[in-house]
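Everything on this sheet refers to the single structure shown next.
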Amino acid sequence: MSVEIIRDVTGIRARATELKKNNKTVCLVPTMGGLHAGHLSLIAKAREVADHVVVSIFVNPKQFNNPDDLKTYPSDEEDDVKSIEKEGADVVFIPSVEEMYPQEFATDVKVTAGIDILCDAHRPGHFGGVATVVTKLFLQVGADYACFGEKDYQQLFIIERLVDDLNIPIKIIPAPTVREKDGLAMSSRNARLKKADRKLAPKLHKTMQKIKEDIHNGVDIETACAANQQKLESTGDFKVEYLEVRCGKKMVLMKELGSECRLFAAAWLGGVRLIDNIKL
Ligand code: AMP
C-alpha cells in the first residue's frame, strides 16, 4: 500500500479520530524534509513503538532567524515522500504555511528553560518557533509518541520540558545521531556544503573526539576546548560558535566532568552552520 499524503488539518484530525476509535497508537516524526538516513532512523524507531506512523514535512518559517537560510533550505517533496514510503510510514502530513499559520494566527509558545545558551544564544527566537510548530503538530496529529533526534539535543531538551509543562499526553522518544562514514553528523544542510568543504566537515567531529579524549586523559575542560578550537580554526576554514561541556538535566556549563555530560558544538564552514554533540 502506498503512503497517504494529507495536507490539511481537518484531514489529519479525522485520521487521528479514526485511529483512536480503533485503539491504534500513533507515532509522529516531525521533519523539515531534505530527508537523510538520520530521519529514516526515526521512522524505523516510530514503527517499533506504534501501530501507525505519521511523518510531517513542514519547513517552519517561524524557526528561521535568517531569511536566506529559509530560502535555500534543501527539500524535495517527491524524493522525500518516496523515501518515507520505502521506510514504511503510513501517512505524510505536508501542510502549507497558510494551513499552519493563517493570517489571523497570533499565538507563540515559549519555553523558558534551556534557552539563552548554545544555539539559542546565536539564533534568537529559533526555539520559540520550534515550540510553537511542535505544539501544533502534536495537537493536530493526536500522536501517542513522537521521535526526535539527539543530533538536536537542545531542541529535544526544550520539547521534553514543553510536554511536561503543558501536560501533553505524548511520550517523547529520543534517537541517537546518525553519522556519515567519516563521522560527520547527517543534516539536511550538509547538501549545501561545497565539495572541498564537505571533505573538511568531519574535522568538527574529530575535534570533538579529541577533546573527549583529552578530558578523559586529565586535561581540564577549558584547556581541552580552547586548544582544540584553536587548532580547528587555525586554517581559517572553520569559525566556531560554541564548544562547551554541559551536564545534567539542566545542561549546566561545566569546568569539571559531572554526570550526564555532553560536549556541544556549533561551527560555520563555508557559509554552512554545522552542529553536533557527543556524550562524554
Ligand atoms: P529536521 O528535518 O532537521 O528538522 O530534523 C527532523 C528530526 O530529525 C529532528 O528530530 C532531528 O533531531 C532529527 N535528525 C536530524 N538529523 C539527524 C541525525 N543525523 N541523526 C538522528 N536524527 C536526526
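The values are calculated or read from the model by the stated rules, or taken from the named source; none is laboratory data. As the structure is a computational prediction, the values presented were derived from the model and not from experiment. Cβ sites come from the backbone with ideal geometry, for glycine too, and all protein chains shown count toward neighbours. What goes into the accessible areas is simple: the full protein's heavy atoms, side chains included, and nothing from ligands, DNA or RNA. Shrake-Rupley method; radii C 1.70, N 1.55, O 1.52, S 1.80 Å.
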remark   = Given the conditions (1) more than 9 Å from the ligand (Cβ to nearest atom); (2) out of contact with any strand residue (DSSP E or B) (no Cβ under 6 Å at 6 or more places or on another chain); (3) without any contact (Cβ under 8 Å) to a residue 60 or more places away in the chain, every one holds for Asn65 apart from (3)
query = What do you reckon, is Gly129 at pLDDT below 95 and either open to solvent by 10 Å² or more (accessible area, probe 1.4 Å) or within 13 Å of the ligand (Cβ to nearest atom) (or both)?
reply = no
query = All but one of (1) among the acidic types (Asp, Glu); (2) within 15 Å of the chain's Cα centre (by Cα); (3) more than 30 Å from His205 (Cβ to Cβ) hold for Glu160; which doesn't?
reply = (3)
Output for segment 82-97, where each listed residue is open to solvent by 20 Å² or more (accessible area, probe 1.4 Å) and more than 21 Å from Ala131 (Cβ to Cβ) = Lys82, Ser83, Glu85, Lys86, Glu87, Gly88, Asp90
task = Sort out which residues of segment 164-179 are within 9 Å of the ligand (Cβ to nearest atom) and in a loop (DSSP other than H, G, I, E, B), and write them in order of number.
result = Pro176, Thr177, Val178
query = Does any residue of segment 240-256 turn out to be open to solvent by 50 Å² or more (accessible area, probe 1.4 Å) and at pLDDT 95 or above?
reply = no
task = Only residues in segment 144-162 that are farther than 15 Å from Gln63 by Cβ and away from the ligand (no atom under 12 Å from the Cβ) count as the first member; pair them with residues that are open to solvent by less than 10 Å² (accessible area, probe 1.4 Å) and among the β-branched types (Val, Ile, Thr), Cβ under 9 angstrom, at least 6 apart or cross-chain, and list the lot.
result = Asp144/Val26; Tyr145/Val26
key: In segment 3-34, residue farthest from the ligand (Cβ to nearest atom) [restricted to those that are in contact (Cβ under 8 Å) with a residue 60 or more places away in the chain, among the charged types (D, E, K, R) and outside any loop (DSSP other than H, G, I, E, B)]   = Lys20
Residue list for segment 194-219, restricted to those being outside any helix (DSSP H, G or I) and open to solvent by 20 Å² or more (accessible area, probe 1.4 Å) = Lys194, Asn217, Gly218, Val219
ask   = In segment 35-56, what residues are under 19 Å from Glu150 (Cα atoms) and part of a strand (DSSP E or B)?
value = Val55, Ser56
ask   = From the list Ile12, Ile43, which residue is farther than 22 Å from Tyr73 by Cα and surrounded by 14 or more Cβ atoms within 10 Å (Cβ to Cβ)?
value = Ile12
